[in-house]
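Shown next, in structure tokens, is the structure this report addresses.
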Amino acid sequence: MSAQETNDNVEAQVQALLAQMSLEEKVGQMTQIDFSVVSVVNGEVADNPIDQAKLEDAILNRHIGSILNTPTTPNNQTQPIEKWRRMTQAIREVAAKSRLKIPVLYGIDAIHGATYTENAVLFPQAISMAATFNPDLAFKEGAVTAREVKASGLDWNFMPVMDIGRQPLWPRLWETYGEDVHLAVTMGSAYIHGHQGEDFADADKAPTCLKHYVGYSYPLNGKDRTPAWIGERALREYFLPGFEAGVKAGSPTVMINSAEVDGIPGHVNHHYLNTILRDEMGFKGSTVSDWADISRLYTRDKLAASPREAVKMAVMAGVDMSMVPFDYSFYDLLLDLAKTGEVPMTRIDEAVTRILRVKYQSGLFDRREPDLAVAGNFVTEEAVAANRQAAREAIILAKNDQHILPLKKQASILVTGPTANLLSVMNGGWTITWQGAAEHLYPKDKPTLLQALQQKTSGKVTYVGGKNFSDEINIEQAVTQARQHDVVILALGEKTYTETEGNLESLHLDPVQLQLARAIFEIGKPVILVTFGGRPRIITEIANKAQAVVLGFLPGMEGGAALADILFGDTNPSGKLPISYPRDTNDIVMYDHKPIEAFESNQYRPLYPFGHGLSYTTFQTSDLRLNKDSIAMGENIDVTVKVKNTGALTGKETVMVYLHDVAASVSRPVKQLKAFKKVELKPGAEQTLQFSLTPQDMSFIGVDMKRIVEPGEFEVMVGSETARFQVAKP
Ligand code: NOJ
């Protein structure tokens, strides 16, 4: 069942339960605490980290409705699957002893697989999933994640991130599906469908959470949790569609923007949380605050004069559940506010109804133990294969002069640079720990790039580099070794991070990496630049000198193997950029820019444009045709185009269909992606692809903030061809 089409049975059960609940029980349902509140001190070392007395106090006395995270806050830490099952079982058993036996909803950030379960299948992060342009892979990722989350005894996943990534400094850019709305909507929806299936009460399915509603991803200064200035038109045009699509795909929960838009913190934005989310989008599920964000209305934003007022403001604005997370302050304050009538019972009942609805829809009341066995559901061969395929399709070949790639297996290779021999740099934050940097906890059977190259080569592979990201690399030794090898693989990029800890002052690479690169280039050996990391750090100088450039972003646990497959030609690359890769730190222009951004001396000239990505074969699109020259208002236009593999190898190509509204009452982007298809073609093979562009595709947010289609000329662009059609006046 989709969360938005709740049935009579669920509603009847929710109402019957609500009628029996005390005020305390209701307020408890609205409270979410961190695991540390119910764990023994030093929970990280204990085999059973639960403090039974604290757990019983939380559930039986405070009636809390939800728990999140792992035993080792603040950095969290992965746990063995059996331990997770025991921990969540202990929670279920206490909940079963409570007066009304309301199950606790356990939430986790399983953002690229079951991130906090040891050895789980960890996919490429969202930015890399977007680079695959393959929604089937996003669907599979969702399905594998839900299965492994459920096998771990967990209930609820704080994913997908439906924020749009148009601010490359932002330290969570990589948690998004990139800069384009259509791509993000397509990939995010596919992920939700895979994760939730037809009915997220099914044993191997689980509810998702759309985050971070809304505008979180666009901080003006690039720092995490700082203000965005987004006008209503831009909000509706760029930032809301991902959430609209997520609601339509059936996601039952929404997490709120931790920062603020246009002076209003997300957690008090009644307009966003009610008028837009519920009245316009038809969302029926529950909202959850982000971390400590209700209290921050007082401690940080100074919107509330006291913690008590902060609770009142947020609840009245439409926050249903508070991720408190470390104490019962929210519970105590809301109880008091409800007793004095400052927060009316109608509002409490509304919030609790929504939370209970999600619990019923998720099937929590029907099961009192983990839904799934571990055997057959955790790290299956099929899941690992899907992950490997996703990593292969995520990696982007940006440059390949004189066909230096693929390398011959007998080539002698020097590998150097800080990202060559680490798994963390390919996985990013929310991997094993919150910041993802605990390299020693990473699986031993997953190869780094260096190890994967060593496994495949029949030649000589030498490594000059450290064991950690920050280890100094002996440049002199790297240069000496470079002279003795055919080719240098220079692996640069970023160490792992997320949230505020990843804030940056500049997109430039660390100067030491530049120094290493310059020294290597001096000797004139061919260099293959490989980058890993969550943001497009500036590589222009190095990329210009390198013979080949491979952009890895965050390809996940199979990233090393997949990259070696590509470098040696066992896989033909097919990844495409889901963002515009900037040429310089202040050259931040998106591909779907306005005409004024490419007028007179202004230009869109990124290092690599959105959608760029090479293959070891070549493709040609041709014969772009529309079924009509002119359509009536409200009609679709059908597009056909041929795509041919004109090279000598089998490969995959993504054909992208862009649309441009030639003249409009509001300035329109020079082009916008409206459809794409990825096809595999043998050498010489040709396929005709069909697309249908809908009135929604032709629409925009008009002068009066309503979505409209204006009559007039449109251009459809595929490859180097353009075709025109008219929308007739009604
Ligand atoms: C804060 C992050 O902003 C959010 O993405 C995450 O889901 C919560 N913390 C819970 O860990």
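The values are calculated or read from the model by the stated rules, or taken from the named source; none is laboratory data. Just so it is clear, the model here is predicted, and its values are computed rather than measured. Glycine gets a Cβ as well: all are built from the backbone with ideal geometry, and neighbour counts include every protein chain shown. Keep in mind that these areas ignore ligands, DNA and RNA; they rest on the heavy atoms of the full protein, side chains included. Shrake-Rupley method; radii C 1.70, N 1.55, O 1.52, S 1.80 Å.
Side notes on the structure shown:
- Filter result (part of a strand (DSSP E or B), open to solvent by 40 Å² or more (accessible area, probe 1.4 Å) and in contact with a Ser or Thr (Cβ under 8 Å, 6 or more places away or on another chain)) within segment 689-730: 690, 707, 708, 721, 726
- Flag for residue 507 being surrounded by fewer than 21 Cβ atoms within 10 Å (Cβ to Cβ), in contact (Cβ under 8 Å) with a residue 60 or more places away in the chain, of a type in the set (A, V, I, L, M, F, W, C) and in contact with a strand residue (DSSP E or B) (Cβ under 9 Å, 6 or more places away or on another chain): yes
- Hits in segment 428-446 - residues which are out of contact with any Asp or Glu (no Cβ under 9 Å at 6 or more places or on another chain) and part of a loop (DSSP other than H, G, I, E, B): 436, 437, 438, 442, 444, 445
- Residues of segment 9-54 that are in contact (Cβ under 8 Å) with a residue 40 or more places away in the chain, among the hydroxyl-bearing types (Ser, Thr, Tyr) and open to solvent by less than 10 Å² (accessible area, probe 1.4 Å): 31 alone.
- All positions within segment 677-688 that are surrounded by 15 or more Cβ atoms within 10 Å (Cβ to Cβ) and either free of Cβ contacts under 8 Å to residues at least 40 places away in the same chain or among the hydrophobic types (A, V, I, L, M, F, W, C) (or both): 677, 679, 681
- Checking segment 630-639 against the condition returns a match, with at least one residue being more than 26 Å from residue 181 (Cα to Cα), open to solvent by 50 Å² or more (accessible area, probe 1.4 Å), of a type in the set (Gly, Ala, Ser) and not in a loop (DSSP other than H, G, I, E, B).
Let's see how each residue does on (1) among the β-branched types (Val, Ile, Thr); (2) away from the ligand (no atom under 15 Å from the Cβ); (3) touching an Asp or Glu at 6+ places or on another chain (Cβ under 8 Å):
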| position | (1), (2), (3) |
| --- | --- |
| 48 | no, yes, no |
| 55 | no, yes, no |
| 94 | yes, yes, yes |
| 111 | yes, no, yes |
| 120 | no, yes, yes |
| 123 | no, yes, yes |
| 126 | no, no, yes |
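- Cβ separations smaller than 8 Å between residues 6+ apart or across chains give the following pairs from segment 487-504 residues that are over 24 Å from residue 541 (Cβ atoms) to residues that are surrounded by 24 or more Cβ atoms within 10 Å (Cβ to Cβ) and of a type in the set (Ser, Thr, Tyr): 496/424; 496/431.
- Test: residue in segment 316-329 that is free of Cβ contacts under 8 Å to residues at least 12 places away in the same chain and under 31 Å from the mean Cα position of the chain (by Cα): no
- Of residues in segment 441-470 being among the polar types (S, T, N, Q) and farther than 20 Å from residue 567 by Cα, the one surrounded by the most Cβ atoms within 10 Å (Cβ to Cβ): 468
- For the residues 310, 305, 292, the requirement of being assigned to a loop (DSSP other than H, G, I, E, B) and more than 16 Å from the ligand (Cβ to nearest atom) singles out 305.
- Candidate set from segment 177-202 (those that are assigned to a loop (DSSP other than H, G, I, E, B) and among the aromatic types (Phe, Trp, Tyr)); member that is surrounded by the fewest Cβ atoms within 10 Å (Cβ to Cβ): 200
- Residue within segment 203-225 that is part of a helix (DSSP H, G or I), buried (at least 22 other Cβ atoms within 10 Å of the Cβ) and away from the ligand (no atom under 16 Å from the Cβ) present: no
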